[in-house]
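Chemist: This is the structure I have questions about; it appears just below.
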Amino acid sequence: MSPAKSFKCEILLGQPPLVEVQATSAVFPAQDGLVGILPGRAPLAAALGEGPLVIQQADGAQRRYRISGGVAYMNHNVLTILAEKEIKAESSKPKAEIEEREAAQKSR
């Protein structure tokens with residue numbers, strides 16, 4: 001069996017989930033430093049600190065947030081972030097999507 005290439009990532013601040021995407025990596029602020037997550041990671045539970053949450057989506061887009069407090073769980077290839085506070089910092093689109101849009105604008 002080949003290893004998974006992505007994992008489900010969900011950010012919860014209430015109902016419905018704020019974000020629910022397939023991700024290839026994630027980095028979140030634990031109380032004792034930044035934690036990186038890749039597909040197939042062993043189970044983990046961590047108390048969240050304050051800092052950046054960066055999610056690299058399977059489609060190439062990247063999501064960035066600033067979060068404070070809560071808990072993170074990684075189990076069965078699902079990362080769940082239960083954040084107390086969140087401020088969306090930025091979101092980037094995949095390079096290919098940007099190049100496609102620029103090419104379409106030039107052809108007009």
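Each reported figure results from applying straightforward, stated rules to the coordinates on display, with no laboratory input. In this text the structure is predicted, and so the values were computed from the model without any measurement. Counting neighbours? That spans all protein chains shown, and the Cβs are built from the backbone with ideal geometry, glycine included.
Chemist: Can you spot a residue in the range 16-26 that is surrounded by fewer than 16 Cβ atoms within 10 Å (Cβ to Cβ), among the small types (G, A, S) and either within 17 Å of Y73 (Cβ to Cβ) or within 10 Å of the chain's Cα centre (by Cα) (or both)?
Modeler: Within the range 16-26, not a single residue is surrounded by fewer than 16 Cβ atoms within 10 Å (Cβ to Cβ), among the small types (G, A, S) and either within 17 Å of Y73 (Cβ to Cβ) or within 10 Å of the chain's Cα centre (by Cα) (or both).
Chemist: Name the single residue, out of those in the range 36-50 being surrounded by fewer than 17 Cβ atoms within 10 Å (Cβ to Cβ) and assigned to a strand (DSSP E or B), that is nearest to the chain's Cα centre (by Cα).
Modeler: Applying the filter and picking the extreme gives G36.
Chemist: Here is a list: I11, I55. Which entry is surrounded by 16 or more Cβ atoms within 10 Å (Cβ to Cβ) and without any contact (Cβ under 8 Å) to a residue 60 or more places away in the chain?
Modeler: I55
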